[in-house]
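**Student:** Sharing a structure, written as C-alpha cells. Questions coming.
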Amino acid sequence: MFSRRFLLKALLTGATIAPIVAILPAEADAQRSQRPGDRPNRPPPRPRSERRPPPRRGHVWVPGYWEWSVRRRDYVWVPGRWIAARPGFHYRQPRWTKRNGEWMFIHGQWVR
C-alpha cells in the first residue's frame, strides 16, 4: 500500500513535469517545419468528386480534402465522413489558403 507521502510526491512530480513535456512536442514540430519538404511548395490538387452517403440524423457531412504528408512530401486524400452535430454551432469546412507565399491548411472547426 502506498503512503500519503509517496502519493503526494508522485502528484507534485507529475504536476511539475507535465508542463515541460507538453512544450517539447511543440518545439520539435517548430524545428521540423523548417526542413524542406515539411510544407507544400505547390497548391493542393482539385478536390476529388465523392459520392455522398445518405444523410444521417444529428450529423454533418465533412467532404474529403487533401492533406500534406511530410513523410511522402506530397498531398494525400482524406475521404469525407460524417461527424456528430453540435447544437448551436455550424461547421466550417477544412480548407487550404496561401499566406505569406506558403500554403497553409486550416482544419475544420465548429463556430458559433
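**Student:** Test of understanding: extend the Cα→C-beta vector of Ile106 to 7 Å, then name every residue of segment 63-90 with backbone N under 19 Å from that spot.
**Tutor:** 63-68, 89-90
**Student:** Give me, ordered by chain and number, the residues 5 or more places off Ala85 or on other chains with an amide H under 5 Å from its own placed amide H.
**Tutor:** His59, Val60
**Student:** Report the net charge of residues surrounding Gly101, where surrounding means a beta-carbon distance below 13 angstrom and charges are Lys +1, Arg +1, Asp -1, Glu -1.
**Tutor:** Details: positive: Arg39, Arg42, Lys98, Arg99; negative: Glu102.
With Lys, Arg at +1 and Asp, Glu at -1, the net is +3.
**Student:** Around Asp74, with a cut-off of 14 angstrom between Cβ atoms, what is the net charge of the other residues, counting Lys and Arg +1 and Asp and Glu -1? Before the final figure, lay out the partial values.
**Tutor:** Values: positive: Arg39, Arg42, Arg71, Arg72, Arg73; negative: Asp38, Glu67.
So the surrounding residues net to +3.
None of the figures in this text is laboratory data; all of them are computed from the coordinates on show. Small disclaimer: the values here were computed from a predicted structure and weren't measured. In this analysis, Cβ positions are derived from the backbone assuming ideal geometry, glycine residues included, and neighbour counts consider all displayed protein chains.
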